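S.K.: Dropping a structure here in structure tokens format, bear with me for questions.
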Amino acid sequence: MQTQRIGPLEIESGVWLNEKGEEMLAAAVTNEGDAPVRGYLLSTKFFDPTTGAYIRKFTTKQLETHGNPVDYLAPGSTWVADPRRFSYLADGTLASYEINVDLVVFADGSMFGPKRSPESYEVLGMLQGIDQVKNSNQEASTKPAR
């Protein structure tokens with residue numbers, strides 16, 4: 001098990017066996033900050049620990065999709081990411097991995113992270129779309145009936 005704190009997030013990760021007995025990378029992300037989180041994007045890189053040679057990487061995004069603040073990642077709360085396939089070295093042993101935070105979006109719209117991945121902008125676009133739909137629905141519900 002590996003635990004790290006990056007900005008407002010604490011990430012606990014490690015090997016998890018799925019129902020087929022396959023080794024997967026599991027991660028639980030806890031909001032250790034003071035503000036609710038609407039969403040985040042993590043970047044995970046697998047590499048050879050001896051040579052440092054890159055094997056592969058993937059991103060994991062998690063966000064509240066209905067625009068309901070009650071479902072944001074509240075301070076002290078945890079979201080569990082879907083397990084992902086682990087990478088192996090040529091000799092069949094598990095590769096080493098590193099998880100980084102690329103983006104965290106807070107309830108007030110402020111952000112944390114370098115936003116290096118194009119998927120960070122996808123997350124931002126998704127949140128904007130959620131807000132637009134929520135605002136349209138609120139406007140429609142406040143209009144008087146004819």
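Just so it is clear, none of the values below were taken in a lab; they were calculated from the coordinates. Since this is a predicted model, take the numbers as computed values, not measurements. Methodologically, a virtual Cβ is constructed for each residue, glycine included, from the backbone with ideal geometry; neighbour enumeration extends over all protein chains shown.
S.K.: Give me the count of lysine pairs in region 2-139 whose alpha carbons sit under 16 angstrom apart, restricted to pairs 8 or more positions apart or on different chains.
M.R.: Details: LYS45/LYS57; LYS45/LYS61; LYS45/LYS115; LYS57/LYS115; LYS61/LYS115.
For region 2-139, qualifying lysine pairs total 5.
S.K.: Find which of MET24, THR65, LEU94 sits farthest along the positive direction of the dipole of the chain, computed with +1 on the beta-carbon of Lys and Arg, -1 on that of Asp and Glu, about the Cα centre.
M.R.: THR65
S.K.: Express in whole angstrom the spacing between the alpha-carbon centres of region 30-83 and region 1-24.
M.R.: Distance between centres, Cα-based: 11 Å.
S.K.: Now a separate question. Between PHE86 and TYR121, what is the label-to-label distance in nm when each label sits 7 Å out along the Cα-to-Cβ direction?
M.R.: 3.6 nm
S.K.: Would you mind ranking ASP91, ASP48 so that the residue whose beta carbon has the fewest other beta carbons within 10 Å leads the list?
M.R.: On the way: ASP91 5, ASP48 15.
The order, fewest Cβ neighbours first, is ASP91, ASP48.
S.K.: For each of ARG116, ARG84, count neighbouring Cβ atoms within 10 Å of the residue's Cβ, then give the residues from fewest to most. Could the numbers behind the result be given before it?
M.R.: Working: ARG116 12, ARG84 17.
If I rank by nearby Cβ atoms, fewest first, I get ARG116, ARG84.
S.K.: Sticking with this one: Could you work out which residue, out of SER13, SER96, SER110, moves most in a Gaussian network model of the chain, that is, has the largest mean-square fluctuation with Cα springs under 10 Å?
M.R.: Checking each option, the largest mean-square fluctuation is seen for SER110.
S.K.: Work out the length of the dipole vector of the chain about its Cα centre, built from +1 on the beta-carbon of each Lys and Arg and -1 on the beta-carbon of each Asp and Glu, and round it to the nearest 20 debye. Don't skip to the answer; put the middle values down first.
M.R.: On the way: 14 positive and 19 negative charges, 96 e Å.
The calculated dipole for the chain is roughly 460 debye.
S.K.: Continuing with the same structure: What per residue convex hull volume, in Å³, comes out for region 1-134 when only alpha-carbon positions are used?
M.R.: Working: hull volume 15.7 nm³, N = 134.
Looking at region 1-134, the number lands at 117 Å³ per residue.
S.K.: By how many degrees, 0 to 90 and rounded to 10, does the Cα axis of helix 118-142 deviate from the longest principal axis of the chain?
M.R.: 20 degrees
S.K.: Hey, if you put +1 on the Cβ of every Lys and Arg and -1 on every Asp and Glu Cβ in region 43-145, which of GLY76, LEU124, ALA107 ends up farthest toward the positive end of that dipole?
M.R.: Towards the positive end, the residue furthest out is LEU124.
S.K.: Could I ask something else about it? Modelling each spin label as a point 7 Å along the Cα-to-Cβ direction, I'd like the ASN68/GLU19 distance in nm, to one decimal.
M.R.: 2.7 nm
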